[in-house]
Amino acid sequence: MGHVINFPIVVRPCVIIESSIISKTVTESERGIEEVAHPLGLRWYFVSVIDPELGGEVILWDGSSYAAAQDAARDCSEGWGNVPIINRVRV
């Protein structure tokens, strides 16, 4: 059984670092079903900005390096007005 992590509700803009392990070889979107170019089992990192005033979240960076994700998060934070960074990655 997995663990449930209760994350706080975001009420102000922030940058978030998250990761996932690729477990499927295809993805579904409004464009249909597409092949994933990354091998199964690879950990992938995402950096996104959540801005409740603008109504949502957008992924600004993704890649296979945790260090690069941290750099990208700092860059995104600065570009978004030095908003806080929330790191949801467990290393």
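Among the residues of this structure, V15 does not count as one that is touching a residue at least 24 places away in the same chain (Cβ under 8 Å) and part of a loop (DSSP other than H, G, I, E, B).
Looking at segment 60-73, which of the residues that are surrounded by 11 or more Cβ atoms within 10 Å (Cβ to Cβ) and of a type in the set (A, V, I, L, M) is farthest from P84 (Cα to Cα)? So the residue we want is A68. Taken as a whole, the condition of being modelled with pLDDT of 90 or more and of a type in the set (K, R) does not apply to R90. Contact map, segment 19-36: residues that are closer than 24 Å to A69 by Cα paired with residues that are loosely packed, with under 10 Cβ neighbours inside 10 Å and small (G, A, S), Cβ distance under 8 Å, separation 6+ or inter-chain. Pairs shown: I21/G41; I22/G41; S23/G41. Considering only residues in segment 22-59 that are assigned to a strand (DSSP E or B), of a type in the set (A, V, I, L, M, F, W, C) and loosely packed, with under 14 Cβ neighbours inside 10 Å, the one that is modelled with the lowest pLDDT turns out to be V26. Here is the figure for segment 60-85: residues that are more than 27 Å from V36 (Cα to Cα) and among the hydrophobic types (A, V, I, L, M, F, W, C) total 3.
Applying the criterion of being in a strand (DSSP E or B) and not aliphatic (A, V, I, L, M) to the residues of segment 60-91, the residue that is farthest from L42 (Cα to Cα) is N87.
The values are calculated or read from the model by the stated rules, or taken from the named source; none is laboratory data. Every value quoted in this text rests on a predicted model; they were computed, and no experiment measured them. Backbone-built Cβ (ideal geometry, glycine too); neighbour counts: all protein chains shown.
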